[in-house]
1. Looking at V108, V67, which one is aliphatic (A, V, I, L, M) and at pLDDT below 85?
2. Quick check on the range 194-205. Is at least one of its residues assigned to a helix (DSSP H, G or I) and under 30 Å from N60 (Cα atoms)?
3. Can you spot a residue in the range 660-681 that is more than 26 Å from D554 (Cβ to Cβ) and not in a helix (DSSP H, G or I)?
4. What is the number of the single condition among (1) farther than 14 Å from N505 by Cα; (2) open to solvent by 60 Å² or more (accessible area, probe 1.4 Å) that P467 does not meet?
5. From the residues in the range 879-893 that are more than 9 Å from the ligand (Cβ to nearest atom) and touching a helix residue (DSSP H, G or I) at 6+ places or on another chain (Cβ under 8 Å), which one is farthest from F849 (Cα to Cα)?
6. Which residues, counting only those in the range 841-851, are within 8 Å of the ligand (Cβ to nearest atom) and either among the small types (G, A, S) or open to solvent by less than 60 Å² (accessible area, probe 1.4 Å) (or both)?
7. How many of the residues making up the range 867-878 are under 12 Å from V746 (Cα atoms) and either near the ligand (Cβ under 9 Å from one of its atoms) or touching a helix residue (DSSP H, G or I) at 6+ places or on another chain (Cβ under 6 Å) (or both)?
8. If you check H243, H209, which single one turns out to be closer than 30 Å to A145 by Cα, open to solvent by 60 Å² or more (accessible area, probe 1.4 Å) and more than 41 Å from the chain's Cα centre (by Cα)?
Amino acid sequence: MISQNDPALENYISIFNNSMDAVLLTHPDGSIFYANSAAEELFGYTQNEICRLGRNGIVNTTDPNLVIMLDERAKNGRSFGELTFIKKDGSKFPGELSTNVFKDKNGVVNTFMIIRDITRRKNAEDSLKESEERYHSLFKNNHAAMLLIDPNNGSIIDSNPAASTFYGYSHEDLVKMNIKQINNLPDYDINGEMQRSKTFQKNNFVFKHTLANGQIRDVDVYSGPITVGGKNLLYSIIHDITHRKQMQNQMKDSLDESLRVQDELITLIENIVDEVWFTDSQGNIILANAAARKFQEKNQFEENISLNKLISKSKVYDSNGSLRLKDGSPLLRALNGEILTNFDETVIFPSGEKQYRQVSSAPIKNEYNNIRGAVAVVRDITEQKKIEESLRVSEERLRLAQIRGGVGVWDWNVVTNDLHFTPELEQLYGLDPGTIKTYDDWRMLTHPDDIERIETERDGQIAKHQPFDFEFRILHASGDTRWLSARGGAIYADNGQVKRVLGINIDITNRKKAEEILNTTLIRFYKILSSMSAGVLLVTADNSVEFVNQEFCDYFNLNEEPEHFIGYSSLEMTSIIKSAYRNPDEALSRISEIVSDWKSVHGEEVLMQEGKSCLRDFVPLSIDSKPYGRLWLHLDITERKRTEEELHESNTKLTREVYEHKNTELKLEEMLDELKRSNKELEQFAYVSSHDLQEPLRMVALFTQLLERRYKGKFDEDADDYIKFIVEGAQRMKLLIDDLLSYSRVNTKRSKFGSIKIDKVMYNVLSNLQVTSEENCAEIKVQESLPTIIGDESQMGQVFQNLIGNGIKFNDKETPKIGVLAEQDEDGWIFSVSDNGIGIAPQYQSQIFEVFKRLHDKYEYPGTGIGLAICQKIVERHGGKIWVESKQGEGSKFYFNIPNQKK
Ligand code: ADP
């Protein structure tokens, strides 16, 4: 209570009264002498009450801060701190207290206290603290990796232990890192995502984060803004979803796989031979595979026929042949929960075709065991049925065949010696039923030579408790011997004694006969093999020698008889014959090669000792496609080889001769060429010399003629004769030279061959000879229409002119008669020029074609002896020949042929 009259204080007090904070003024002893209205409100006391209570009445004196603050005030004259205060209602509250000492007008040091209720602030502070603690514990202890990130640059501000575990970085490392070092997105995108998270646009992300070990993981990130310590940050909760992703992929794969399997199943169902039917629980057909659709088609049902209609419309019979009632359908029965397996039914299609079927059907249930549909699988067993049927028929046939085909059964009671034969068995003996009654009856009818053997054999087997099997002969009622086979066994009493012997007999007479035939065939076969000129060795499939012939033994120098080697193993045999081969090792390896090839070998040459050689055949023998044996044949060809060699030798000789002959021919040809060449040279010489001689000759002729004309009669008579001789000689020389020139020109001045009409040629010739012919009163007869040939026209004219001219010249008849004829032969044409002249003695007939060859004196018949030589040359140039037929005094006929020219 203010009692002092202190004007300064009073001024303050008016301010205090308006203060929001509680203000108290105290004396040094702690008594309060002023409290403002805010204090009254705060503590719930009136000013008087507060003053009365004093400081200790409103302060929690146990608060340790009190002493601290009092000390501070005592030292500094002021203090500031928090204290616990007590209200009138006894409740305590935290308050912020600031104190200042001041002196009043009397110099007394009083205290001025300002108290502010900080309950709310405290509460807020507490809850903040609590929430931060909670955040911390949440952050640190979270199993999920958590990061605090600065959204402005991505640097990591904080991380929890789970983050270290996950990323493999220590906390210290992480808080130095940037999220961009972890997140695989490009920096730009990371910035974008952080902004979106900061502004609540997105809070869930899927990223790929790189761990310290380089591994990349798929992570699911929850992120959002958070204010920590006054900073706006981003929290991120990171979950590794790599495994989940993998699982998802795996699930996708397995889904794909199951879809594929489903696809395959559907394809399988569609394509199996059996009909497959599926219905839903309502009996609607939901699947009918190709075979099932075929069934519908055969029944001429519409495509989407309902099950009910399908059942009522098809004609189905049960296995007992009665028409099946509608509810007997396997699918309907399956819908009622029944399972059917291999249920036989028969369907008759509208075409009349009958189908035997085997049906299996079952309900399809869901997980709650409710029937959700039915499935039926139907197999067409018609074929099988048919086979069964034919099998049944053939079995029946077999049974009948047995009866007819000689099978009988017997039963011998050893104790009573009774023997029971079935009628079929008695029939085999040719006996009436009931004839055989005892064992002795049987013995009577058994071939005496066989009884002992078969009894021994049979009893031996029975003693060993083994079945017996033997063959024996019986005496048939017809008197024939027949063969039976017996198979059977005994029935024993408990003490081991034989009670009964039972058996079955089969008539094997025919087989035995066949065997006999086979045996004789075999014998014949062996005989053939024995008599073969080739060495024969037959080895069976089990490598034992079955047959060898003498030839073989001879060939391989074996001294024993062939029979000696029968039964030898092939190994023994080869070691015996080995040395006969020229190259034993090579021969043996070839043999084993042939055997393992198991293919026929024919005519393979084998070299043997002593220069011998043979041809080897290998024949693999199989019976019923099983190897039976191998047949080796060896044919000695040493002799043949020798003949061949001789032949070869004489052949070589012949070839050599032919070669030599050829050589001679070649030489001849060469000579001919040489001849041709020298001929040509000669011609050349003749031409050159005759041509070049003409000039000096003309000089000689000219000047001797001048000599004759001018000096004839001026010398003596002899001189005149000499001059005459010179002139004549020169003239003759000129003739000779002219003719020689024309001879040489046959080849040097020739023209090309062309088509020439001999008619025309003859016309020119006759006109050239007209004067000569008229002077000699000659008659020239030319065949009408002479042929056209290929040749040199002027040369042909020359030939005819020479021949006709000669015919007139060498003629002593009043009327020389010349004939020209042409006749065709296979090669071409033969021309002839005949005359009735003086003829030519046989010894000269070939000589006259030589150059300068003449038979007469030049005074008798003028001429140079070159005409015929020219003719021959021309004819030869045309590929022909010239010859003469003549009789002295009667005339001559010159022939020449011109063969058709080859184009
Ligand atoms: P040339 O007529 O110049 O004597 P050829 O060569 O024509 O020369 O005849 C050679 C020889 O052949 C003649 O000298 C003649 O003795 C004989 N000769 C040729 N043709 C006939 C013929 N038609 N009759 C008889 N002899 C002939």
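The values are calculated or read from the model by the stated rules, or taken from the named source; none is laboratory data. Remember, it's a predicted structure, so these values are computed and weren't measured experimentally. All Cβ positions, even for glycine, are placed from backbone atoms using ideal geometry, and neighbour counts span all protein chains on display. Protein only, heavy atoms only, side chains kept; ligands, DNA and RNA dropped before computing areas. Shrake-Rupley method; radii C 1.70, N 1.55, O 1.52, S 1.80 Å.
1. That would be V108, the only listed residue that is aliphatic (A, V, I, L, M) and at pLDDT below 85.
2. No: zero hits.
3. Looking for residues that are more than 26 Å from D554 (Cβ to Cβ) and not in a helix (DSSP H, G or I), one finds none in the range 660-681, hence no.
4. (1)
5. K881
6. Of everything in the range 841-851, those that are within 8 Å of the ligand (Cβ to nearest atom) and either among the small types (G, A, S) or open to solvent by less than 60 Å² (accessible area, probe 1.4 Å) (or both) turn out to be I848, F849.
7. Summing the residues that are under 12 Å from V746 (Cα atoms) and either near the ligand (Cβ under 9 Å from one of its atoms) or touching a helix residue (DSSP H, G or I) at 6+ places or on another chain (Cβ under 6 Å) (or both) in the range 867-878 gives 7.
8. H243
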